[in-house]
Each structure stands twice: as C-alpha cells, then as structure tokens.
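Right, one structure below, let's go through it.
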Amino acid sequence: MSARIYPLSAPERAKHLATHIVKLQYTDLIGLTGASTAATAVAAVLFAAKAGTRVEYLGHRLVTPFANGADAAFNTNTSKVGDGTDDDRFGLSQELNLNGTYVPVGPVSAPATTQPYLYGADTNVLATIGSMTGKKISDLTQGEVHYLFRLTNLKKVSDSVPG
C-alpha cells in the first residue's frame, strides 16, 4: 500500500488553504527500504509532481499519532516533507509519535526560501519519517497523518488559455 492523494472539492478549496490531501498510514511505511533497521528513516512517496507543478502550502492533521502499542519507550517519529533534492523543502522536522510532543493539526513550518516552489521536471514529493535509536519503523502498530497541499499546475493553466 502507499500514500493516497485526493483533490479537494471546490467548497473545501474555498474553505481551506489546500487543494489536495494526501493520506499516509503506518502500514504504508512498513515495507519501505530501511523500515526494518533501527534508527533509520524511510521515504514514502506522497505524490508525483509533474513538471510545472507549483507547491504553495503544506499543512497537516495527525489523525492517529504513530506508536507501537506494546512499547511505550518508542517515543519519537519525525516527519519532513520535500523531495530527493531537499528532504525538508516543504516541511521541517516535526513529531508524529504518541509518546512525543506532537502537534495534532496546523501549518507545517518550512524554510522561508523554499515555498512556493515550482518543479521544472517530474519529481516525487516525499515524506521522510524518522525513527529513534533501537527502534524500527516496521514495529509501529498505529499512525495516520494527512498532509494538505495547495498545488497548481502552471503548465495546465497556460495550456488552457485559448489562442
């Protein structure tokens, strides 16, 4: 299984800053490279940004904090959002773990110089989920986060102009 991206309806777009929502669950992480190695981060593809995609905003909602129900000492899972060139282009490290100091909902802090960002080539947007010393991502038993993006494809906008 992998992250799923959904476009928001026109009323939802008007109400929120976002145009799309990406749902990422702990089960999406378990089979990724590095998930069975302690203290190793995994990179989950959130969506494929086509050339001309402009990312203008990132928010999040931690639906279910990440945790291993049998291990209260598993107390940190950080999340960064970016791409293969800059892993925190859209979101600096923030806590997702139930036993850590997590933020349930809100905008994601990002470097001021990286938003908005326009992709000149097709690129995967990634969430890098970290683990801690002695703990493996594959040991998680719960967790779901929703990333809310404002996306515009400038190529599509330009191509739609007559004439």
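The values are calculated or read from the model by the stated rules, or taken from the named source; none is laboratory data. Everything numeric in this text was worked out from a predicted model, so none of it was measured. In this analysis, Cβ positions are derived from the backbone assuming ideal geometry, glycine residues included, and neighbour counts consider all displayed protein chains. For the accessible areas, the whole protein counts, side chains as well, though only heavy atoms, and no ligand, DNA or RNA atoms are used. Shrake-Rupley method; radii C 1.70, N 1.55, O 1.52, S 1.80 Å.
Things to note:
- If the condition is being open to solvent by 90 Å² or more (accessible area, probe 1.4 Å) and part of a loop (DSSP other than H, G, I, E, B), then region 1-15 contributes only M1.
- Each residue in region 128-149 was checked for being farther than 27 Å from T19 by Cα, touching a Ser or Thr at 6+ places or on another chain (Cβ under 6 Å) and among the β-branched types (V, I, T), and 1 pass.
- G106 small (G, A, S), within 17 Å of the chain's Cα centre (by Cα) and farther than 21 Å from S2 by Cα: yes
- Considering residues of region 131-145 that are surrounded by 19 or more Cβ atoms within 10 Å (Cβ to Cβ) and outside any helix (DSSP H, G or I) only, the residue farthest from the chain's Cα centre (by Cα): K135
- Qualifying residue in region 85-93 (condition: buried (at least 17 other Cβ atoms within 10 Å of the Cβ), in a loop (DSSP other than H, G, I, E, B), among the aromatic types (F, W, Y) and at negative phi): yes
- The residue of region 64-81 that is farthest from the chain's Cα centre (by Cα), among those that are open to solvent by 50 Å² or more (accessible area, probe 1.4 Å) and within 15 Å of V103 (Cα to Cα), is N75.
- Residue within region 63-81 that is under 18 Å from R150 (Cα atoms) and touching a Ser or Thr at 6+ places or on another chain (Cβ under 8 Å) present: yes
- Residue satisfying all of: in region 16-41; β-branched (V, I, T) and over 16 Å from Y57 (Cα atoms); least open to solvent (accessible area, probe 1.4 Å) among these: T40
- Failed criterion for G69 (all others in (1) touching a Gly at 6+ places or on another chain (Cβ under 7 Å); (2) within 16 Å of T141 (Cα to Cα); (3) assigned to a loop (DSSP other than H, G, I, E, B) hold): (1)
- Output for region 101-130, where each listed residue is polar (S, T, N, Q), at pLDDT 90 or above and surrounded by 12 or more Cβ atoms within 10 Å (Cβ to Cβ): T123, N124, T128
- Every condition in (1) closer than 15 Å to S131 by Cβ; (2) in a strand (DSSP E or B) is met by V45 except one, and the failing one is (1).
- Selected residue [under 25 Å from T133 (Cα atoms) and among the hydrophobic types (A, V, I, L, M, F, W, C)] from A110, A70: A70
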